[in-house]
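The values are calculated or read from the model by the stated rules, or taken from the named source; none is laboratory data. What you are looking at is a predicted structure, and each value in this text was computed from that prediction instead of being measured. Cβ: placed from backbone, ideal geometry, glycine included. Neighbour counts: every protein chain shown. What goes into the accessible areas is simple: the full protein's heavy atoms, side chains included, and nothing from ligands, DNA or RNA. Shrake-Rupley method; radii C 1.70, N 1.55, O 1.52, S 1.80 Å.
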Amino acid sequence: MAAQVVDKAKFFKMINYQPHARQVEFHKSNARFKVAACGRRAGKTFMTAKDIEPFLFVPGKRIWLVGPTYVLGEKEFRVIWADIMMKLEFAKDPEIRKGYNLKQGDMYIQFPWDTRIEVHSAERKETLVGDGLDLVVMCEAAKHQRETWDRMIEPALSDKRGKAIFTSTPEGQNFFYELWQRGLDDTEPEYESWQYPSWDNSVIFPESSGFREICPETPLNKK
């Protein structure tokens with residue numbers, strides 16, 4: 001199975017994940033930097049975790065989930081752990097090294113094909129240096145300081161032309177807002193942006209389809 005599961009559609013079917021139509025746009029995107037502004041309970045954690053799971057089966061990759069704190073970085077890891085380690089039963093494989101200790105900040109999965117995913121906290125900047133990275137998720141990006149990305153994370157992606165996903169509930173016109181704007185700019189081809197209001201989550205809001213027709217989402221740049 002290792003190194004073979006790279007087709008997202010096939011993988012999603014295997015884990016019984018059915019993204020809604022607008023999430024499909026996110027999953028199909030090949031943008032280097034993907035920016036999703038989401039309302040509360042819009043399903044951003046779930047969507048982001050599912051998006052990177054197929055990448056775990058490509059050999060030799062380094063993937064970080066970076067939260068403003070370990071607690072905020074653990075959410076995507078929790079979904080990945082449930083899918084990969086429990087649902088697909090990789091926890092039974094003795095060759096897989098793993099840790100899941102939120103209190104100690106020790107959360108990682110090391111696969112036999114030399115791919116590793118781990119959680120980091122921006123509160124501990126000494127842990128954000130060293131590795132060349134293939135993929136980073138900036139969890140709750142609006143809560144991050146700009147320098148975490150500019151000085152620590154983006155340089156770590158440069159050698160491998162690594163990718164990044166920024167997801168967050170918006171918190172005004174800050175660092176995350178600027179990234180989101182870049183994804184709407186045709187002169188920034190590496191960026192792509194989406195906006196998901198809370199009612200896009202049909203699991204939490206099962207009657208939302210009709211509501212969206214009479215109350216369309218408000219763009220972030222409108223007051």
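Probing with 1.4 Å while keeping every protein chain in the model, the per residue accessible area of the chain equals 51 Å². When the residues T115, T45 are ordered by accessible surface, computed with a 1.4 Å probe over the protein chains alone, the sequence from largest down reads T45, T115. Counting Lys and Arg as +1 and Asp and Glu as -1 over every other residue whose Cβ lies under 15 Å from the Cβ of L179, the net charge comes to -3. Note on the chain: with neighbouring protein chains present and a 1.4 Å probe, carbon and sulfur make up 49 percent of its accessible heavy-atom surface. Beyond a 23 Å Cα-Cα separation, which of these cross-linked pairs lie in this structure: K28/K98; K13/K98; K44/K163; K50/K98; K44/K98? From the list (K28/K98; K13/K98; K44/K163; K50/K98; K44/K98), the Cα-Cα distance tops 23 Å for K28/K98; K13/K98; K44/K98.
Near K163, the amide H atoms lying under 5 Å from its own belong to L135, V136; only residues 5 or more places off or on other chains count, and H is placed 1.01 Å from N.
Of the trypsin sites (Lys or Arg not before Pro) in region 1-74, the ones in a loop by DSSP (not H, G, I, E or B) with at most 12 other beta carbons within 10 Å are R40. When the Cα atoms of the chain are aligned to their principal axes, the ranges along those axes come out at 53, 38, 34 Å in descending order. Per-residue Karplus couplings for region 66-81, computed as 6.51 cos²θ - 1.76 cosθ + 1.60 with θ equal to phi - 60°, are listed in order as 10, x, x, 9, 4, 4, 6, x, 6, 4, 5, 4, 4, 5, 4, 4 Hz, Gly and Pro entered as x. Short-range pairs are left out: with C-alpha atoms under 8 Å and at least six residues apart, the relative contact order of the chain is 27 percent.
Near K98, the amide H atoms lying under 5 Å from its own belong to Q110; only residues 5 or more places off or on other chains count, and H is placed 1.01 Å from N.
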